[in-house]
Each structure stands twice: as C-alpha cells, then as structure tokens.
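What follows is a set of notes on a single structure, which appears directly below.
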Amino acid sequence: MDDMSSAAITVPGATVIVPTFNERDNIAELVSRVSDALAGRDIEILFVDDSSDDTPQVIRTIASDAPVPVRVLHRDKPEGGLGGAVVEGIRDARYDVCIVMDGDLQHPPELLPEMIDRYEDGDTDVVVASRYVGGGDSRGLAGAVRVGVSRGATTLTKAMFPIRLSGASDPMTGFFLVDRRAVDPSALRPNGFKILLEILVRSDVRISEVPMQFGERLHGESKASFRQGLAFLKHLARLRFGKMSLFAIIGAVGALANLVIMWALTHVGMEYIWAAIIAAEVTIVGNFILQERYVFNDMRDEASTIGVRFAQSFTFNNVEAALRIPILALMVEGWHISSILAAAISLVVAFFVRFLFHSLVVYAPRRSVRVTRSAEERARGGRLEAEAAGAE
Ligand SMILES: Nc1nc2c(ncn2[C@@H]2O[C@H](COP(=O)(O)OP(=O)(O)O)[C@@H](O)[C@H]2O)c(=O)[nH]1
Ligand SMILES: [Mg+2]
C-alpha cells in the first residue's frame with residue numbers, strides 16, 4: 001500500500017473509478033457520457049466489477065472502441081462489497097487523482113469537469129459532489145422513505161463527527177474526487193463501507209464541495225437494502241466509539257430483552273425472582289453469541305478457545321446476576337423501588353464491569369500471542385491502541 005503513489009504516473013490526469021454490480025445496460029451510456037464530458041483530458045475509466053451477470057464482457061466490448069482507455073477489474077472474491085471495490089479501484093488507478101462514481105448514471109458525468117477544475121484550484125484534496133448544497137438535490141432517491149433514511153443517516157453521522165465533517169454536507173455520497181496522495185493508507189480499508197466517510201474521518205484532508213443533481217437510476221435495480229442500513233450503523237458505531245459502543249448496543253438490546261422477558265413472565269403470574277433468573281440466563285447466552293460475532297470477532301483468534309471464553313463469560317455473568325438478584329431483592333423489598341426500575345439500575349452498573357472483564361480477561365490474547373504482539377506493537381508505536389480508542 002505504501003508504494004501506491006510511486007506506482008502512479010505523475011502527469012496530471014484522472015482515473016474515473018466505477019464500482020459495478022450487474023450494470024450491463026448502463027455501461028455504454030456511462031462510457032460515452034464520461035468520455036464526452038472529459039474530452040481532451042488525460043483520463044481512464046476503471047470499472048471494479050463484482051457482477052454475477054455478463055457486465056465485464058459488456059465492458060470489454062465497449063472498451064474496445066471507446067474514445068478513452070477503459071479497464072475492468074473483475075473480482076472473483078468480492079471482498080468488502082461496494083466499499084472494497086472502491087478501495088481496489090483507488091489502489092489500482094493509473095493516476096493519483098481518482099473520481100469515484102456510481103455506474104447507474106445517478107451521478108451525472110457532466111459534473112466531472114467541474115470537480116476536476118475545483119481540484120485544480122489547488123487548495124483541496126477531496127471534492128465532494130453534494131446532494132445537499134445550493135443547487136444540489138436528491139429527488140432521484142426512490143421514495144420519501146429513502147430520502148428520509150438518507151437524510152437521517154447523514155445528520156447522525158455529522159453529529160458524531162462534528163469537527164471532521166464540518167466542511168462536508170454530504171459525507172455519505174458515492175460521488176467524489178480524491179487525491180490519494182493526501183489519504184492515510186489506513187483510511188482505505190478493504191472492508192470499508194462508506195469509503196468517503198472513512199477517508200474524511202481517518203485522514204486529515206482538505207474538503208470542498210460542488211452541488212450535484214442526484215438523478216434517477218437509468219436501468220437495473222438498486223442494491224441498497226435494510227441489511228446494508230444495519231451494516232452501516234454498525235460501521236458507524238465502530239468508527240466512532242470502537243468496541244465499547246458495540247458492546248453497549250448489544251448490552252442494551254440484551255437489557256431490553258431481559259426486561260421484556262421478565263415482564264412477560266411476571267405478567268403470566270411467575271414470581272419476579274424466577275422471572276429475573278430465567279430472563280438473565282436467556283440474555284447471557286444471547287449476548288455471548290452476539291459479542292463473539294460482532295464485538296470481539298477480531299480478537300477471537302488470539303484469545304483462548306471458545307469453550308474457555310464461554311465458560312468465563314457465563315461464569316462472570318452468573319456471578320454478576322447472582323449478586324444482582326439479592327441486591328434487586330433488597331431494592332424491591334427494602335427500598336420499595338419497582339422491580340423493573342431496580343432491574344434497570346442494576347443492569348446499567350453491571351454493564352461497565354462486564355465490559356472491562358470481557359475485554360481484559362475473556363478476550364485477552366493468549367500468553368504466546370502476547371509476547372510476539374508486544375514486540376510488534378513497540379515497533380509500530382502503539383498504533384493498535386490508538387485505533388482501538390476510536391478514529392478522530
Ligand atoms: N463492485 C461492486 N459494486 C457495487 C456493489 N453494490 C453496489 N455496487 C455498485 O455501486 C453503485 C451504487 O449502487 P446502487 O445499487 O445504485 O445503490 P443506490 O444508488 O444507493 O441505490 C452502482 O454502480 C452499483 O452497481 C458491490 O457489491 N460491488
Ligand atoms: Mg444507484
């Protein structure tokens with residue numbers, strides 16, 4: 001990754017990177033409009049393709065008599081989905097100035113010259129084509145729901161990075177120019193989701209914007225989905241707070257499940273102590289599965305075996321619950337706090353203790369790993385810690 005810029009040709013020019021997934025019917029018009037818009041400039045179009053249809057063949061056919069160089073990089077193993085594709089494009093680009101745009105013509109190629117001109121003013125590393133500045137709009141987003149979701153996600157994201165994103169009204173767009181020499185290579189993660197957001201948050205880049213009209217998709221279907229939305233929230237949480245926020249989210253879901261189960265059981269007439277015990281056990285197992293999968297997934301390989309991890313986690317949570325229940329009883333019986341409120345208070349306190357125990361004990365690296373890693377870590381100047389602590 002470090003030799004990225006030395007591999008590049010240093011004449012001014014730009015690579016237009018287009019991630020594609022089953023966009024066969026849009027390629028011809030895209031290539032023709034991009035070529036027209038950038039006629040007379042030194043450019044190439046690089047498709048990074050994860051299609052399951054014949055999009056790559058279509059691209060190759062069109063490339064053979066296109067007025068500009070057109071390349072396709074088909075990935076048999078589409079790691080990291082859309083974000084991964086963009087990262088590969090940026091690494092593989094012939095020029096340092098990379099412009100990323102969608103392949104469905106929702107991003108008007110006619111805006112490309114303006115973006116390059118803005119970059120050539122020389123005071124900016126990233127030019128964002130924004131749906132949200134004067135003259136821009138997002139009417140092409142199918143339906144009010146998607147407009148709402150998109151706006152909401154943008155607002156949430158900006159609220160989480162108020163300083164870094166102060167100059168970016170549309171940090172989630174897929175239409176932007178970036179001079180990759182200005183980007184911290186670690187900002188280009190192969191599994192990055194919203195790659196522009198990664199770049200803006202993890203690198204110290206100068207941002208400028210041009211307004212854009214977000215159009216309608218020309219042919220084919222959108223790949224945006226509810227699952228991608230969830231993946232985005234997860235990604236955002238990780239980018240901002242690291243592990244603790246994910247652990248907190250899972251803890252909160254678990255706590256909610258705990259309360260719901262307890263409410264349901266007491267509702268059908270079960271003694272609240274028994275209801276609390278059953279709710280606690282169900283939640284403990286559920287949380288373990290979720291934290292293995294989502295919170296500590298990158299630490300599992302270096303930690304002890306899953307059996308040991310489960311035993312430690314299960315024991316800790318049961319000791320905690322065993323302590324919590326007499327305290328709960330004291331709060332309810334002695335202080336006359338409602339059983340639900342008492343359970344909620346005890347769950348919040350328990351959360352912090354639980355997070356510390358899991359990150360420091362359950363998922364601690366095995367001794368052998370620890371020795372090699374500490375040597376590596378010294379060499380890298382404790383970069384791991386900085387990353388674990390969050391991005392900004
Ligand atoms: N290479 C690659 N491209 C993708 C993938 N998912 C979506 N795309 C492309 O990314 C662009 C935006 O996707 P689209 O489905 O239009 O999302 P929407 O505009 O948010 O509805 C299009 O050019 C898609 O073909 C993927 O997994 N891999
Ligand atoms: Mg689209």
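What follows draws every value from the coordinates through simple rules; no lab data is involved. Here the structure is a predicted model, which means the values were calculated and not measured. As a convention, Cβ positions derive from the backbone with ideal geometry for all residues, glycine included, and neighbour counts pool all protein chains shown.
For region 1-115, the gyration tensor built on C-alpha atoms gives an oblate shape. Its axis ratio a/c (a ≥ b ≥ c) is at least 1.5, and a/b is not larger than b/c. Against the chain, whose longest principal axis is taken from its Cα atoms, helix 143-160 shows a tilt of about 70°. Shape analysis of region 242-388 places it in the prolate category; the axes a ≥ b ≥ c from the Cα gyration tensor give an a/c of at least 1.5, with a/b above b/c.
So what is the relative contact order of region 242-388, in percent, for Cα pairs below 8 Å that sit 6 or more residues apart?
29
The fewest-to-most ranking of 270, 299 by surrounding Cβ atoms within 10 Å reads 270, 299.
Short-range pairs are left out: with C-alpha atoms under 8 Å and at least six residues apart, the relative contact order of the chain is 15 percent.
Taking Cα atoms only, the orientation of helix 27-37 departs from the longest principal axis of the chain by about 60 degrees. Rounded to the nearest 10 degrees, the angle from helix 367-379 to the longest Cα principal axis of the chain is 40 degrees. Please list, or write none, the lysines whose alpha carbon is within less than 17 Å of the alpha carbon of residue 223, excluding same-chain residues fewer than 8 places away. List returned: 194. Taking a ≥ b ≥ c as the square roots of the eigenvalues of the alpha carbon gyration tensor, region 14-223 is rounded, as a/c is under 1.5. Here's the list of aspartates and glutamates a cross-link from residue 158 could span, going by alpha-carbon distance under 14 Å and ignoring same-chain residues fewer than 8 apart: 170, 198, 392.
By the helix-only formula, in which each DSSP H run with n ≥ 4 contributes -39500 (n - 2.57) and the sum is divided by residues, the chain has a 222 nm mean residue ellipticity of -16000 deg cm²/dmol.
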